[in-house]
Structures are given as C-alpha cells and as structure tokens.
Amino acid sequence: MEKTKLMSLAECKIVDLPRINDPRGNLTFIEGGQHVPFDIKRVYYLYDVPGGAERGGHAHKSLHQLIIALSGSFDVVLDDGMQKGRFHLNRSYYGMYVCPMIWRALDNFSSASVCMVLASNLYDEADYYRNYQEFIQARNQ
Ligand code: TYD
C-alpha cells in the first residue's frame, strides 16, 4: 500500500444527515453514495451494551463505515497512528464516517443505547487488523 494513498483522521468526519421534522415524530434517511461516500452493503447494530464495555478495538483494511447513535450516546475514538480523536455521538441525525485504515474503539455507552453501523462491504474477517502493532506496521509500510 502506498503511503500517499493512506487516508488519515482528517478524512473522518461527522456527517449531518437529512432531518424531516414533524410534530408526529422526526424522520432521517440515508442514501448510499448521497449522504455517505460509499454504497451500503451491510448494516449491523450494537445493543444491550453493558455499562463500562468497550467495542471495536480494531481497524479495517478497505471497509468504509458510518456509525450512528440511533438511541442514547457513546464515544468513538479514532486513531490513524499519528493522531487520535474522541467524538461523542448523541443524536440520531449525526453519523461518524470512518474511512479505511483507522483504528477505532467505542466506549462510554449510555444505558439503552443503540449503535447502528452502515458498511461498504460484507463481513470479512480478513479485512480486520485486530492487533494494534500490526496496524501501525501496515500504516508505516
Ligand atoms: P466485531 O467487528 O469485532 O465487533 P465490534 O467491532 O462491534 O466490537 O465483531 C464481533 C463478532 O461478530 C466477531 O466474531 C465477528 C462477528 N460479526 C459478524 O459475524 N458479522 C458482522 O457483520 C460483524 C460486524 C461482526
């Protein structure tokens, strides 16, 4: 992998999703390629997360993701090997876009929170770096 093509923390950003406000209840929608910079191939969600738990703790080689606090709140900690950032997600109309080759952890989950993740590809264990040192080595190659 060429160093110049590696995406950094600067590419990860909070996406402000469309909101249709209505006295009957608000509505947000997400269209692949429109509101997220990738086609959506998979959706998964975390729920019943016990207090104090940490999820994530890995990086992806080529997967793009959008992380949304559908309910409640939690923190997303991102690390590109040079810079780290902690982002608090607490609204269902904000998404955190995470590009490939970024180490991420999720913590500080509130009770009854739901974390929905939109992903650019199907689940593939071969796409993961689960060891931080291996991730750093791959970034420095
Ligand atoms: P993992 O990605 O490590 O969870 P998180 O990053 O949220 O902490 O996945 C946990 C387990 O679930 C692991 O055994 C792989 C499995 N899994 C799937 O089978 N399909 C999926 O889409 C995901 C995200 C995980």
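The values are calculated or read from the model by the stated rules, or taken from the named source; none is laboratory data. Note that this is a predicted model, so its numbers are computed, not measured. In this analysis, Cβ positions are derived from the backbone assuming ideal geometry, glycine residues included, and neighbour counts consider all displayed protein chains. Just the protein is used for accessible areas: all its heavy atoms, side chains included, with ligands, DNA and RNA removed. Shrake-Rupley method; radii C 1.70, N 1.55, O 1.52, S 1.80 Å.
Determine the relative contact order of region 76-124: mean sequence separation of Cα pairs under 8 Å and six or more apart, normalised by residue count, in whole percent.
Relative contact order here is 38 percent.
Once phi is turned into θ = phi - 60°, what whole-Hz ³J(HN,Hα) does the Karplus curve with 6.51, -1.76 and 1.60 give for every residue of region 86-96, x standing for Gly and Pro?
10, 10, 9, 9, 9, 9, 7, 9, 10, x, 9
Give the residue from T28, L9, L66 lying farthest towards the positive end of the charge dipole for region 1-66; charges sit on Cβ (+1 for Lys and Arg, -1 for Asp and Glu) and the dipole is referred to the Cα centre.
L9
Which chymotrypsin sites (Phe, Trp or Tyr not before Pro) in region 109-138 sit in a loop by DSSP (not H, G, I, E or B) and have at most 16 other Cβ atoms within 10 Å of their own Cβ?
Y123
Based on the mean of other Cβ atoms within 10 Å per residue, sort peptides 25-37, 68-80, 95-107 so the most packed one is first.
Result, highest mean Cβ count within 10 Å first: 95-107, 68-80, 25-37.
With a ≥ b ≥ c the root eigenvalues of the C-alpha gyration tensor of region 8-77, is it rounded (a/c under 1.5), prolate (a/b larger than b/c) or oblate?
oblate
How large is the charge dipole for region 1-107, taken about the Cα centre, if only the Cβ atoms of Lys, Arg (+1) and Asp, Glu (-1) carry charge, to the nearest 20 debye?
Computed charge dipole of region 1-107: roughly 100 debye.
Of K13, K61, which has the most accessible area and how do the rest follow, probe 1.4 Å?
Putting K13, K61 in descending order of accessible area: K13, K61.
Pairs on different chains or at least eight residues apart, Cα atoms closer than 17 Å: how many lysine pairs in region 1-133 fit?
Within region 1-133, the lysine pair count is 4.
Place +1 on the Cβ of every Lys and Arg and -1 on the Cβ of every Asp and Glu in the chain, take the dipole about the Cα centre, and give the residue among Y123, M82, I40 whose Cα lies farthest towards its positive end.
M82
One quarter of the convex hull surface, Cα atoms only: what value does that give for region 83-133 in nm²?
Mean projected area for region 83-133: 4.9 nm², to one decimal.
Ignoring ligands, DNA and RNA, please state the percent of accessible area on the chain from carbon and sulfur, probe 1.4 Å.
Within the chain, the accessible surface is 48 percent carbon and sulfur.
How much mean residue ellipticity at 222 nm does the chain get from its helices, if each DSSP H run of length 4 or more adds -39500 (n - 2.57) and you divide by all residues, to the nearest 500 deg cm²/dmol?
-2000 deg cm²/dmol
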